[in-house]
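Working notes for the structure below.
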Amino acid sequence: MAFGQQSGPPAGHRQVKELTELLEAAGFSDFRDARGAMGFTQRQAGGKFTTGEADEFIERLTAAAEVGQVPSATMSAPALKTSKDTALQKISSQRLAAELQSRGWAVIEP
């Protein structure tokens, strides 16, 4: 695969349109404007996404909107949490540590 090429089927028109609408609702003017905050590559900043990439970004933006966290140009990409990240935050530290230990991990307090 050549540098900058997509690694999957291109996103459909509806996906790109939905992503554009979500970004505009978050206060971005276009993909290039959202590049830093969303962590877009140069190819993605040009509006070219694979189906999987578009789905991931749509999920991140909708999950952020559901919890009342409005993405903005000042928000970094790690601040936009997926639904899995939100679910993990609901688990207590003790329960999470116990689960990891049952799977063979060594867990120590910071």
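Overview of results
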| quantity | calculated |
| --- | --- |
| Segment 7-31, residues that are of a type outside the set (G, A, S), under 15 Å from R60 (Cβ atoms) and either in a helix (DSSP H, G or I) or modelled with pLDDT of 90 or more (or both) | Q15, E18, L19, T20, E21, L22, L23, F31 |
| Residues within segment 44-65 that are surrounded by fewer than 16 Cβ atoms within 10 Å (Cβ to Cβ) and either touching a His at 6+ places or on another chain (Cβ under 8 Å) or not in a loop (DSSP other than H, G, I, E, B) (or both), tallied | 7 |
| Selection count where residues are without any contact (Cβ under 8 Å) to a residue 40 or more places away in the chain and under 17 Å from E59 (Cβ atoms), scope segment 32-46 | 4 |
| Considering residues of segment 66-110 that are surrounded by 10 or more Cβ atoms within 10 Å (Cβ to Cβ) and among the polar types (S, T, N, Q) only, the residue modelled with the highest pLDDT | Q101 |
| Cβ pairs under 6 Å, 6+ apart, first in segment 1-13 and farther than 9 Å from G52 by Cα, second modelled with pLDDT of 75 or more and among the charged types (D, E, K, R) | G4/R43 |
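The values are calculated or read from the model by the stated rules, or taken from the named source; none is laboratory data. Bear in mind that the values here come from a model prediction, so they are computed numbers and not experimental data. Neighbour counts are summed over all protein chains in view; Cβ atoms, including those assigned to glycine, are modelled from backbone coordinates with ideal geometry.
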